[in-house]
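What follows is a short report on a single structure.
The values are calculated or read from the model by the stated rules, or taken from the named source; none is laboratory data. None of these values were measured; they are calculated from a predicted model. Backbone-built Cβ (ideal geometry, glycine too); neighbour counts: all protein chains shown.
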Amino acid sequence: MIVACMKAILLAGGQGTRLRPLTLNTPKPIVPIFNRPFLHYQIDLLKQVPEIDEVILSLNYQPQRIEEIFGDGSALGIGIRYVVEPQPLGTGGAVKYAADGLTESVVVFNGDVLTQIDLAAVIGMHRDRRARATIVLTPVDNPTAYGLVETDAHSNVRRFLEKPRADEITTNHINAGIYVLEPDTFDRMPAGVPCSIEREYFPSLVERGETFVAHIYPGYWIDIGTSEKYIQVHRDIMDGRFVAAPFQDLAPATKAVSPGARIDGAAVVEGPCFIDEGAVIKAGARIGPYSATVSNAILGRNCYLGRSVSVNGAAVLGDNTTLTDYTRT
Ligand code: GDD
Ligand code: MG
């Protein structure tokens, strides 16, 4: 029996500048969502397709930090290989570099998108349509931060326009950063030099009239690449809009408390919130819904931290300090 095997490439080499300061010491693919490095969520999704036997992590920024966490993937039940570019090659150059030697259809993921898409259905469409490339599209309110994609009545891609200006918006469908591609189409990208999959490769498929189809996904999808979206993901998981650890078995809006957290019986902890291992919450403390993040910090008495506040990096807050909503230290 022949068992078909597919590879998936996760583009995880960006510097995450829009997520600073979170990404100063932590590369974007492993910023934590609650207590798990982000890429875990993507690997969970890829594992739903049994044919995918190996994930190729395409890296260039702090690759050793990522390797330390995921190793060869055996602990996660899927093979993981690391491909580190000698210099950032852009999204297209990185795919070409990571796909060297591959001949079968390959799944490609932007390393910062979180979604509940049925990936097997996307692969199925790619095969049914005998496509050279299949792209997932999702609707958003404002496409200017994304790649705008126009399609015809048969789901063929007619135009790909990366980061459109406001006056160029013709549809709310954008590139969700999830593709199935045929490696023999990569010849149109030059080897070893930076190249954009969005600005060069996709438009070239359209120009040449290749079979390039779109799978439209109206469900949960988010790019965690900005601090607003990063906070939003946490709220979505706490509220059950995106079902994931550590809230997957809890009713929406309850609290998730790690077994190693110590909460005094006289403290008040209101959900939804997440209390991690090692947290100590003493009598008199009140943790409110959607509470702030506090790590490596000392809080004096009677401090008030507004919504979505983040206190990091050995901050010491004196008594009665008030941090207004969304403050970051
Ligand atoms: N290996 C490698 N090398 N990875 C890279 C490089 C590189 O030189 N540059 C970017 N990446 C990775 C990033 O880490 C990220 O996971 C992914 O490629 C996309 O880069 P972003 O910088 O996050 O792009 P974006 O969010 O502005 O736009 C992209 O994603 C949108 C969806 O979230 C585009 O693909 C848009 O068309 C799309 O709509
Ligand atoms: Mg992004």
Confirm whether LEU45 is within 23 Å of ALA244 (Cα to Cα) and either small (Gly, Ala, Ser) or within 16 Å of ligand 1 (Cβ to nearest atom) (or both). yes
Does segment 232-243 contain at least one residue that is part of a loop (DSSP other than H, G, I, E, B), more than 16 Å from ligand 1 (Cβ to nearest atom) and out of contact with any helix residue (DSSP H, G or I) (no Cβ under 9 Å at 6 or more places or on another chain)? yes
Residue that is farthest from the chain's Cα centre (by Cα) [pool: residues in segment 141-163 that are within 16 Å of ligand 2 (Cβ to nearest atom), surrounded by 13 or more Cβ atoms within 10 Å (Cβ to Cβ) and part of a loop (DSSP other than H, G, I, E, B)]: LYS163
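This table checks each residue for (1) within 16 Å of GLY225 (Cβ to Cβ); (2) modelled with pLDDT under 95; (3) within 16 Å of ligand 2 (Cβ to nearest atom).
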| position | (1), (2), (3) |
| --- | --- |
| VAL3 | no, yes, no |
| THR17 | yes, yes, yes |
| LEU24 | yes, yes, no |
| ILE33 | yes, yes, yes |
| ARG36 | no, yes, no |
| ASP53 | no, yes, no |
| ASP72 | no, yes, no |
| ILE78 | no, yes, no |
| THR91 | yes, no, yes |
Could you say which residue among ALA283, ALA244 is surrounded by 15 or more Cβ atoms within 10 Å (Cβ to Cβ), of a type in the set (A, V, I, L, M, F, W, C), in contact (Cβ under 8 Å) with a residue 12 or more places away in the chain and out of contact with any Pro (no Cβ under 9 Å at 6 or more places or on another chain)? ALA244
Return the pair list, or none, for Cβ contacts closer than 7 Å from residues in segment 8-35 that are assigned by TED's automatic domain parsing to the domain that holds TYR61 and in a loop (DSSP other than H, G, I, E, B) to residues that are surrounded by 19 or more Cβ atoms within 10 Å (Cβ to Cβ) and basic (Lys, Arg), at least 6 apart or on different chains. GLY14/LYS28; GLY16/LYS28
Within the bounds of segment 49-68, is there any residue that is in a helix (DSSP H, G or I), over 15 Å from the mean Cα position of the chain (by Cα) and surrounded by 17 or more Cβ atoms within 10 Å (Cβ to Cβ)? yes
When segment 138-161 is checked residue by residue, the ones that are near ligand 1 (Cβ under 9 Å from one of its atoms) and of a type outside the set (A, V, I, L, M) are THR138, PRO143, TYR146, GLY147, PHE160
Look at ILE43 and say whether it is in a strand (DSSP E or B) and among the aliphatic types (A, V, I, L, M). no
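Let me confirm something: among ILE117, ILE169, ILE174, ILE135, which residue is away from ligand 1 (no atom under 12 Å from the Cβ) and closer than 21 Å to ILE9 by Cβ?
The conditions single out ILE117.
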Checked segment 300-319 for anything modelled with pLDDT of 80 or more and under 29 Å from GLY240 (Cβ atoms); matches are TYR304, LEU305, GLY306, VAL309, SER310, VAL311
Residue satisfying condition, being more than 26 Å from ASP100 (Cα to Cα), in contact with a Pro (Cβ under 6 Å, 6 or more places away or on another chain) and buried (at least 17 other Cβ atoms within 10 Å of the Cβ), within set ILE174, ILE169: ILE174
Note down all Cβ pairs under 7 Å where the first residue falls in segment 211-230 and is more than 16 Å from ligand 2 (Cβ to nearest atom), the second is assigned to a helix (DSSP H, G or I), and they're at least six residues apart or on different chains. PHE212/LEU205; PHE212/VAL206; VAL213/MET125; HIS215/VAL122; HIS215/MET125
Taking segment 172-219 as the region of interest, how many residues are within 19 Å of TYR146 (Cα to Cα) and either in a strand (DSSP E or B) or of a type in the set (Val, Ile, Thr) (or both)? 15
Taking the condition closer than 30 Å to ARG235 by Cα and away from ligand 2 (no atom under 16 Å from the Cβ), does GLN62 pass? yes
Determine if segment 252-259 includes at least one residue that is touching a helix residue (DSSP H, G or I) at 6+ places or on another chain (Cβ under 8 Å) and loosely packed, with under 15 Cβ neighbours inside 10 Å. yes
Among the residues of segment 271-299 satisfying the criterion of being small (Gly, Ala, Ser) and modelled with pLDDT under 75, which is farthest from LYS255 (Cα to Cα)? ALA297
Residue that is surrounded by fewer than 18 Cβ atoms within 10 Å (Cβ to Cβ), of a type outside the set (S, T, N, Q), more than 9 Å from ligand 1 (Cβ to nearest atom) and under 30 Å from TYR326 (Cα atoms), where the choices are PRO37, PRO32, PRO86: PRO32
